[in-house]
Amino acid sequence: LEPCSWPGLKRICELADSVLDHNPAVDLDGDGFSSVEALRGSAWRGRDCSDVQKNIRPGVIPDSDKDLDANCNGIYGVDANGVPYEETLCPKNLTSRGIVVIGDSAMAHFHIPEQWVDAELFTWESFSHLPYVLENEFDWPMMSSTTGFVNITWPISPGPVHSIYLQMKERNRCVHRDYQNLAVNGADSFDTQYNQKRLSRDPVNDYPLLVLFALVGNDVCNSYPDTLSHMTTPEEMRNNVLKSLEYLNSTIPADSKVLLVGLADGRVLYDSMYQRFHPIGRHNQDITYPQFYDYFGCLQATPCQGWMTSNATLRDLTFERADKLNQVLFDVAKTYKNKFTNLEVNFLECPLMTVLEDWERVHGPGSIHQLVEAVDGFHPNQKAQSLIAQYSWKYLGKYLPHYLGDLNPHNHQIRDIFGDQGGH
Amino acid sequence: INGGYYCFGCTMAVGVLQQIAEVHNASISESLESVCKYLPELSSRGTHMRRECQTLIRLLGPVLIELFYTHETPDVICHALRFCYTETGERECRLFPLPKGGIPGRLEKLRPILRKHLVKLNIPEF
C-alpha cells in the first residue's frame, strides 16, 4: 500500500518531493538567488533585489551602484557631492567577505516544533506554519548558527538568534545579504560533491568568501542496521574533502577562506537523554529516548544508528570512526593550508562539543539536554545554534581574524543613511 | 523497512491525536475536525493544504474514531491502516507499550471493524 497515493496525502507528498532538488524554486534569472523566502529562497541565500537580471545579486563587486544596487546590500545612490555611496562607505581597499556553509542538517538547523508532538504544549494555531516548515525541509537556516538573520517570534521556534553572518555584518555592513546556506539534511562528504555545485559565486566579479565545510555527522551516520560497514572510511574522506577543496578553488574568488569543521562526538546525546521522556511519552510517562531511538532504528528511518542506540559498544565504535575522520580533516587542513591558489584552509574542532562542555560546567551535570532538539533527540536546538555562533565567532576572532574581513569604519554612516538596508 | 517514514509519521500523528483528545478534553471527532482548520487554504506552491487535509480526514475519520474507542495503541492503529507492517525476517517495530495479545492478536480481533471501513474505502487489499 503506497500512502502517497491516498487522496489527501498525495498533494502533501508532491509538495515534499518538490523541495528535494534544493535549488531556489523561484529564480527567474537563474543566478542562484531568489526574491521569495521559502523553497531554498531568501531564507537560505541573500534575497535577490532583481530576479530578472543575472548580474544583480548578493556578493557582486559593484561598479559604482550610482543608480541601482547591484549587490543587493541596500547601499546605492550618490552623496551631495555626486560621489557614489558604495565608493565611500564600502571602499575597494576594505576586505569584504560573504559567508557560505556547505553542510548537513545541523548546519541547516533541522527543527520540528515540540508543540506538534507534546499534547500538553499542543496548540492548533502552531500548525498554521506547516507549509512554510515543509517548504523549508523542516530546516530553519534563517535562525542557524552560520546564516541566521532573523528573530522569528512564533512560539514554534523559540530562542535567541546569533550567527556568524550577523556578526560579519555587524563588522562590515557592506556584506548585508551576502550569505548562502547550502546545507542539506542527511548530507555526507559524498553527497557534498553534488551539493557544493549549488554554490553561486563568480570567481572574478564577486567578493571572496568564508566557507564553512561542516559535515558534523553523516559520514558516520546512516540508517542501516550494519551501520559500521556503511560509514565513510578515512581514505574516502580524504578523497572527498580534497575533491571539494579543488572544486572550491576553481569556482570561488581569490583570497577566500575555508574552515573544515570536525565531526561531533555524538555519544554525548545518549548520555544526556537516556533517562528522559520523549515529548510523545511525557503525558503518559511511557516513552523514553532510548525507546524512541530504538523504534526509529527498527524502521531504519533513523538519521543515525551509530549515535541513536542503546548499544554502548556501537556508540564507542562510531566515535572511533568519527575520531579517525577528524584526524583526516585536521591533516588535510594542515597539509593544504596554503597550497591552493584561491583559498586558505584551516581546521576547527566541532564547536558544538565545546559549547556542550561549557554548558554543563555552568549549568551542572545532566543539563545538556537543554541544548538538544526535543523531538528528534539528535540535533542542536536554537539555544545551541546561538551558542555555536558565539563560540565560533570568538574562536575566529582570536585565532583566524583574517577570516572575518575588515572592520568597516563607516558602519554608523551606513546605518544612519540606509537604515535596515532593505531588510532580508 | 516495515513502513519506514510512513509508519513513523502515522504512529506519531495518531499518538499525538489520542493524547490531545485526552489532555484538552475533546472528543476524537472534535479533534479530527480541528486538524485541518488551522492549515492555510493555499501553500505558496498552490497546494490546497486545508482541502487535502479535509479529504484525508473524511476518508480515515470513521475508522480512526472506531479504533480510538476500542482503546487501541497507535502502533496497532497504524498497523491496521497498513502504514506499518512487519516484513518477513524483520523484527516487529513498536513505539508504545505492547497491547494485550500483541499487535497481530489485536489486528485479528479488529478484523470485522477494519473490513467494514476499509472495504468502503475501496482499497484493493481489503
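Nothing in this text is a laboratory measurement; each read-out follows from the coordinates by a stated rule. The shown structure was predicted, so the numbers you read here are calculated from the model rather than taken from an experiment. Virtual Cβ from ideal backbone geometry, glycine too; neighbours counted across all protein chains shown.
Over chain A, what is the relative contact order in percent, taking alpha-carbon pairs closer than 8 angstrom and at least six residues apart?
RCO, chain A: 19 percent.
Quick one: which residues, 5+ away or cross-chain, put their amide H under 5 Å from the amide H of residue A:257? H built at 1.01 Å from N.
Answer set, sorted by chain and number: A:209, A:210, A:211, A:344.
Where Rh denotes the Kirkwood radius from the mean inverse Cα pair distance, what is Rg over Rh for the range A:318-370?
Rg divided by Rh gives 1.17.
Listing A:220, A:150 from the residue with the fewest other Cβ atoms within 10 Å to the one with the most, what is the order?
Ordered from fewest to most neighbouring Cβ atoms within 10 Å, A:220, A:150 come out as A:150, A:220.
Using θ = phi - 60° and the Karplus relation 6.51 cos²θ - 1.76 cosθ + 1.60, list the HN-Hα couplings for the range A:181-190 in order, rounded to whole Hz, with x at every Gly or Pro.
My calculation for the range A:181-190 gives 9, 9, 5, 9, 4, x, 6, 10, 5, 6 Hz in order.
Which length gain, in nm to one decimal place, applies between residue A:17 and residue A:330 when the Cα-Cα distance is subtracted from 0.36 nm times their residue separation?
That works out to 109.0 nm of additional length.
Which number do you get for Rg(Cα) / (2.2 N^0.38 Å) in the range A:1-137?
1.43
Checking the table A:339/A:398; A:92/A:197; B:37/B:100; A:339/A:383; B:37/B:109; A:54/A:383 against a 30 Å threshold on Cα-Cα, which pairs fail?
Beyond 30 Å between Cα atoms: B:37/B:100; A:339/A:383; B:37/B:109; A:54/A:383.
How big is the C-alpha Rg of the range A:351-424 next to the rule-of-thumb value 2.2 N^0.38 Å, as a ratio?
1.52
When the chain is fully extended, how far beyond the present Cα-Cα distance does residue A:310 get from residue A:64, taking 0.36 nm per residue of separation?
In short, 82.5 nm is gained.
Please list, ordered by chain and number, the residues whose modelled amide H lies under 5 Å from the amide H of residue A:347; skip anything fewer than 5 residues away on the same chain.
A:260
Counting only other chains, and only Cβ atoms inside 10 Å, what mean value do you get across the residues of B:47-56?
Per residue, the number of nearby Cβ atoms from other chains is 5 on average.
What nm distance separates the two modelled labels at residue B:22 and residue A:323, each placed 7 Å from Cα along Cα→Cβ?
Simple spin-label model gives 4.3 nm for this pair.
Rounded to the nearest angstrom and ordered from largest down, what semi-axes does the equivalent ellipsoid of the protein assembly as shown get from its C-alpha gyration tensor (root of 5λ)?
Computed over the protein assembly as shown, the values are 45, 27, 20 Å.
Around residue A:206, which amide H atoms from residues at least 5 apart in sequence, or from another chain, sit under 5 Å from its own amide H, with H modelled in the peptide plane?
A:61
Considering only DSSP beta bridges whose two residues both sit in chain A, what percent are antiparallel, to the nearest 5?
Taking every DSSP beta bridge with both residues in chain A, the antiparallel ones total about 25 percent.
Would you work out which of B:79, B:95, B:62 lies farthest towards the positive end of the dipole of the range B:48-103? Charges go on Cβ: Lys and Arg +1, Asp and Glu -1.
The residue sitting most towards the positive pole is B:62.
Please give every one of the lysines within straight-line cross-link reach of residue A:10, meaning a C-alpha to C-alpha distance under 17 Å, and leave out same-chain neighbours fewer than 8 residues apart.
none
Using θ = phi - 60° and the Karplus curve 6.51 cos²θ - 1.76 cosθ + 1.60, what whole-Hz ³J(HN,Hα) does each residue of the range A:291-304 get, with Gly and Pro shown as x?
Values, residue by residue: 5, 5, 4, 5, 5, 4, x, 4, 7, 6, 10, 5, x, 7 Hz.
Rank the residues A:140, A:359 as a footprinting-exposure proxy: fewest other Cβ atoms within 10 Å of their Cβ go first.
Neighbour counts put them in this order, fewest first: A:359, A:140.
Using 7 Å Cα-to-Cβ label points, what is the residue B:120/residue A:204 separation (nm, one decimal)?
6.9 nm
Taking each residue in A:109-118, count the Cβ atoms of any other chain within 10 Å of its Cβ, then average. What number comes out?
That works out to 1 on average.
Using a 4.7 Å Cβ cut-off, which Cys residues in the protein assembly as shown lack a partner cysteine?
Cys with no partner Cβ under 4.7 Å: A:350.
Taking each residue of A:3-15 in turn, how many C-beta atoms of other protein chains fall within 10 Å of its C-beta, and what is the average?
Partner Cβ neighbours, averaged per residue: 6.
Along the charge dipole of the range A:1-82, Cβ charges K/R +1 and D/E -1, which of A:25, A:81, A:12 sits furthest on the positive end?
Selected residue: A:12.
Assuming 1.306 mPa s and 10 °C, estimate D for the range A:286-424 with Stokes-Einstein, Rh taken as the Kirkwood radius over Cα pairs, in µm²/s.
It diffuses with D of about 84 µm²/s by this estimate.
Could you size up the charge dipole of chain A around its Cα centre, putting +1 on the beta carbon of Lys and Arg and -1 on that of Asp and Glu, and report it in debye to the nearest 20?
840 debye
Which whole-number percent of Cα pairs in chain B have a distance greater than 18 Å?
57 percent
Residue by residue through the range A:88-95, what is 3J(HN,Hα) from phi via Karplus (6.51 cos²θ - 1.76 cosθ + 1.60, θ = phi - 60°)? Round to whole Hz and write x for glycine and proline.
The phi angles translate into 7, 8, 10, x, 4, 7, 8, 6 Hz.
Where does chain A land at 222 nm, in deg cm²/dmol rounded to the nearest 500, when only DSSP H runs of n ≥ 4 count, each adding -39500 (n - 2.57), divided by all residues?
-9500 deg cm²/dmol
Mind putting a number on the dipole of the range A:1-98 about its Cα centre? Charges go on the C-beta only, +1 for Lys and Arg and -1 for Asp and Glu, and I need it in Debye to the nearest 20.
260 debye
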